[in-house]
Each structure stands twice: as C-alpha cells, then as structure tokens.
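Okay, structure first, notes after.
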Amino acid sequence: MIELFPDSARVERGELELGGVAAGALAERFGTPLLVYCERTLRERARALRAAAGGPVFFGTKAFPNVALLRLLREEGIGADVASTGELAFATAAGLRGEELVAHGNNKDGRFLAQAAAAGATVALDAADEAALAAAAGAVRALVRVTLGVDADTHEAIRTGHHGSKFGLPPAQALGLVAEAGRRGLDVLGLHVHVGSQLADFDAQAETIVRLAAFAARCRSELGWTARVADLGGGFGIRHHPDEQVPDAAGLAAAAAETARTAFAGAGLPAPEVWLEPGRSLVGRAGVTLYRVGSVKPLDGVTWVAVDGGMSDNPRPQLYGARYTALLANRADEPASGPVSVAGMHCESGDVLIDDVVLPAARRGDLLAVPATGAYTLAMASNYNGVPRPAAVLVADGEARLIRRRETVDDLLALETG
Ligand code: LLP
C-alpha cells in the first residue's frame, strides 16, 4: 500500500514520514486536516511526463490551483491549463505567461477572454460565437475543441468526449468554427480533445486520436487549413486504492504522442506538435491528507473511526464513488485489528471517507494518512458546516514549507455582511 504514497514516504520506528518529516511533527506544527505534498514526487512526475510527451505539457490547474505548485512545475518546464479568471490569476501569480498558458472552458465570458488574451494565452474555442468574442478580446492564438463521440471508461460525471457532451463541438460545427476563427484573424494552431478524467485504460484516447486525425484531414480538404497542434487534453488516471489498476501516466503520454504521429501520417498529414494537459497524474500521488482521529465507535457490524474532516475537504467519495485507503500514521507498524469505516465530521450519514479499511485499533488522537489525495480534493473543498478549508505544505529533505495557509473561521465571517 505504501506504493500509493509519494516517493519519499517511509515508515520509521512505526511512524509515517513524508519528505523526511514525521507525520506527527507536521500535524503538530500545521494542524489537521493537512494536505502534504512531496516535492520529489512532483518533480519526478513532471520530468517523466515531459520526457514522454515530447511536446509542451500544461498542468490542469483545476486539480490543485496553488501558486507554489504552479511555480515548481514551471521550473520543470510545465505550463498551465486555466479555466477561469481565478485559475488564470493563480497561474500568472506563479509567473506563467504567453505560450505557457491555455485558456479553457465551455462558457468563457468576455472578462476571462480579455484577461487570458492580455496574458497571451492560447484560447481553446468551445462554442460557435467564441471566435468573435476571443478576437474582440484581443486573443491571437486559438485551438478549436472538437468532440468526437467516444465514450471513455470512467465515472459518467467526468466523461467529456461523448456525443451530447457540453464540451466542445461535434465535427461539422467544429469545422465551421475553425473557418470562422480564421476569418476573425485568429491564428488557429490546431485542435483540442479531452476524453475524460481518471481513464482506466488507453482505449478511448487511442480511438479519439484516430478520429481526430480523420477530422484534421477533413479540415485540410474542406478548408485548406492544416492543424499544426494536436492538444490531447488530460485524463491519465492514478491509483487511489490498492484494488485500482491504472496504467502509468508517462507510458500513456508516450503512447498518445506516438499514436497521434502515426494517425496523422496515416491520414496524409504532417506530424502535429502534441500538447498534453495532465492534472491528476502530475499531482495526485504527490499529495497525502493527514487527519486527526476523534470518536471511535465499535457498533454491531461496523466500527466507525471519525476524523476531523471529510466531505468538505474531499467530496470525491460522494461525487464519484471514489475509494481510498489509509494508514494509521503514528502506529503504522502495529498489527491490524480489523476492518473499520472512516467517517467524516459532517452532519450527514453519507459523509464516509472510506467504507472499509483494515487498521490497527484506532484511538482518539491517532493520525490517519490518506494517500493519493493531491488532486481534486482541496481544489473542490467547501465550507460545509462552517468548516474552514485545510492548509497545504510542501515537504522535501526534512523540511516543510507552508504553501497554502489554513482558512480560519474569521476568514468565513469576513464574508458576512449582515
Ligand atoms: N484538460 C481539460 C480541458 C480538462 O477539462 C481537464 C480536467 C484536464 C485537462 C485535466 O484532466 P486530468 O489529467 O486531471 O484527468 N473533479 C474530477 C475531475 C474533473 C476533471 C475535469 N477536467 C475528479 O475529482 O475526479
């Protein structure tokens, strides 16, 4: 199970260490729940994905918008895919500019387009009237997002490339948008597809790339326009649970780039520059959430171990039926006592973080570490029950650095005007 944790994770004298810092010391100093990111894992993933992709890589900022993390990834040569003025502000605060930025979204407004254009971002056009809006906003470079009718093997809420998806346009309309964008004076670099997230295998991506090449060939013959870029989006999965089998993202990135080159050549087209937008596969395994154990209730049929967070800091079990596992971070080498269910502290029965996990007998005050929580957890956190959102730290070489401070109740009260 330790393989679900970041590269630097180890158990020393019964205690989990991340980046050379003991979990207990992190919890003492920064409080819980706490999101701990391993710098070594982030850099290793960034290098592996970049090397495999062979073209520009943009971090799917939505997985965890954080300035320090965006800056670290930028040091590794990775840009950012941003989908709101907020994400764009995080990316520009991290120093990202121009060709390092791609602006996304199925409903970009004039303000976002103007800010994206001012930052020099490439705009991924997603609706028929967006060419006009982007040109008016001063954008220069564009992609056109096409939806090629492929059903990915993932939870339906995070499937995006199927017929009827709210994202992008089907081929006939996308073709019109390429032409329209050209008429508006935009430099249309190429085409964008994103099949879905947490993809279980490569099948849907491979099929999408083949259809993309056929569509690019159609654009060439009908419009005389040749795509120079194939932006294949994100979607590579990670393992959140020992039972989950997911191919390694770097291998998939290499396969995607190779499939694109082969498919475009097969369609009689020049090799496109392949762009990728990984979110989860860059930061997911680098992040571990630490919780403090509170009440422990051995009931008939189930033992509830309650922690000081839950659906407010990780709503993925409720939204996608996501399965996680955990380690008792302060007594990690003690023998297992049996299966328990890990409950959050929120006021509903559905607030269950882990249905079933085998742990040593947990007591109040213990620390629970949940691996593979670096993506789409804090990014989707809420203030349900008036709970302030957790802090995040970056650990490396025995040092911990705060990269996002803990929200306070005063922060929440500061929004109240009545
Ligand atoms: N590019 C585009 C255009 C996207 O929409 C996304 C994710 C990505 C890249 C990055 O995808 P990734 O590599 O992270 O799969 N909240 C959900 C995931 C939503 C993904 C949204 N789009 C979850 O927690 O599973």
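Rounded to the nearest Hz, the phi-derived 3J(HN,Hα) couplings of the range 62-77 under the Karplus curve 6.51 cos²θ - 1.76 cosθ + 1.60 (θ = phi - 60°) are 4, 5, 5, x, 8, 5, 4, 5, 4, 5, 4, 5, 5, 4, 8, x, where x marks glycine and proline. The listed residues S84, S8, once ranked by accessible area (1.4 Å probe) with the largest placed first, stand as S84, S8. Inter-label distance, E75 to R364: 4.2 nm, where each label sits 7 Å from its Cα along the C-beta direction.
Among the protein heavy atoms of the range 253-394, carbon and sulfur supply 52% of the accessible surface, probe 1.4 Å, non-protein parts ignored.
In the range 1-120, the portion of solvent-accessible area held by carbon and sulfur atoms comes to 46 percent [1.4 Å probe, whole percent, DNA, RNA and ligands not counted]. Full extension of the chain segment joining A172 with D203 gains 8.8 nm, where the gain is 0.36 nm per residue of separation less the Cα-Cα distance.
The calculated FRET efficiency for D397 paired with A255, based on their beta-carbon distance and R0 = 41 Å, is about 0.75. For the chain, the 222 nm mean residue ellipticity estimated from helices alone, with every DSSP H stretch of n ≥ 4 adding -39500 (n - 2.57) and the total spread over all residues, rounds to -9000 deg cm²/dmol. Here the label points at L413 and N106, each 7 Å from Cα along the C-beta direction, are separated by 4.0 nm in the simple model. By how many degrees, between 0 and 90 and to the nearest 10, does the Cα long axis of helix 249-266 differ from the longest principal axis of the chain? The helix 249-266 is inclined about 10 degrees to the chain. Taking all protein chains as they are arranged and a probe of 1.4 Å, the heavy atoms of L199 leave approximately 0 Å² accessible to solvent. For trypsin sites (Lys or Arg not before Pro), the sites in the range 101-172 that DSSP calls loop and that have at most 11 other Cβ atoms within 10 Å are K166. Along its first, second and third principal axes, ordered by size, the range 277-336 spans 46, 28, 19 Å in Cα coordinates.
Excluding residues on the same chain fewer than 8 positions from K166, give the lysines whose Cα lies under 20 Å from its Cα. Partners within reach: K62, K108.
Computed with a 1.4 Å probe over protein heavy atoms only, the accessible area of T417 comes to about 140 Å².
The residues of the range 115-202 present an accessible area of 37 Å² per residue when probed at 1.4 Å with all protein chains retained.
Once every Cα of the chain carries one equal point scatterer and solvent is ignored, give the base-10 log of I(q)/I(0) from the Debye formula at q = 0.06 Å⁻¹, two decimals. Result of the Debye calculation: -0.26.
Solvent exposure of the range 214-317 amounts to 35 Å² per residue of accessible area, where only protein heavy atoms count and the probe is 1.4 Å.
Restricting the count to DSSP beta bridges whose residues both fall in the chain, what percent are antiparallel, rounded to a multiple of 5? Just about 50 percent of them are antiparallel.
Counting GluC sites (Glu not before Pro) as exposed when in a DSSP loop with at most 15 other beta carbons within 10 Å, what is the longest stretch of the chain free of them? For GluC sites (Glu not before Pro) (loop position, at most 15 other Cβ atoms within 10 Å), the longest site-free span of the chain is 1-347. Here the dipole of the range 155-246 is about 440 debye; that uses its Cα centre as origin and unit charges on the Cβ of Lys and Arg (positive) and Asp and Glu (negative).
Summarising the label geometry, the points placed 7 Å from Cα in the beta-carbon direction at N383 and E3 lie 4.2 nm from one another.
What's the center-to-center distance, using Cα atoms, between the range 301-345 and the range 1-61 in Å? Distance between centres, Cα-based: 19 Å. Distances between placed amide hydrogens fall under 5 Å for Y324 paired with D355, all partners being 5 or more residues away or on another chain.
The heavy atoms of V302 present about 40 square angstrom of accessible area, all protein chains included, probe 1.4 Å. In the chain, the longest principal axis of the Cα atoms and the axis of helix 110-119 are about 90 degrees apart. Inter-part distance, the range 187-218 to the range 79-123, computed on C-alpha centroids, equals 22 Å.
The residues H155, H240, sorted by heavy-atom accessible surface at 1.4 Å with ligands and nucleic acids left out, run H155, H240 from largest to smallest. Along the charge dipole of the chain, Cβ charges K/R +1 and D/E -1, which of P247, F112, A400 sits furthest on the positive end? The one lying farthest along the dipole's positive direction is F112.
Quick note on the range 1-117: its Rg to Rh ratio, both from C-alpha atoms and Rh being the Kirkwood radius, is 1.06.
Extension gain for the segment A265 to D243, taken as residue separation times 0.36 nm less the Cα-Cα distance, is 4.1 nm to one decimal.
Hey, quick one: spin label on D356, modelled 7 Å out along Cα-Cβ, who in the range 228-253 has an amide N within reach, i.e. under 14 Å? Answer for this model: 242-244. Give, to the nearest whole percent, the P(r) tail of the range 301-418 beyond 18 angstrom, counting all Cα pairs. Percentage above 18 Å: 57.
Evaluate E = 1/(1 + (r/R0)^6) for D153 and D129, where r is the Cβ-Cβ distance and R0 equals 30 Å; express this FRET efficiency to the nearest 0.05. Computed FRET efficiency for D153 and D129 comes out at 0.35. Charges were assigned to the Cβ only: +1 to each Lys and Arg, -1 to each Asp and Glu. The resulting dipole of the range 21-68 about its Cα centre is roughly 200 debye. Over the range 1-95, accessible surface divided per residue gives 35 Å², non-protein components excluded, 1.4 Å probe. Helix 171-183 and the longest principal axis of the Cα set of the chain meet at an angle near 70°.
The values are calculated or read from the model by the stated rules, or taken from the named source; none is laboratory data. Just so it is clear, the structure is predicted and the values come from calculations on it, not from any experiment. Methodologically, a virtual Cβ is constructed for each residue, glycine included, from the backbone with ideal geometry; neighbour enumeration extends over all protein chains shown. SASA here: full protein model, heavy atoms, side chains in, ligands and nucleic acids out. Shrake-Rupley method; radii C 1.70, N 1.55, O 1.52, S 1.80 Å.
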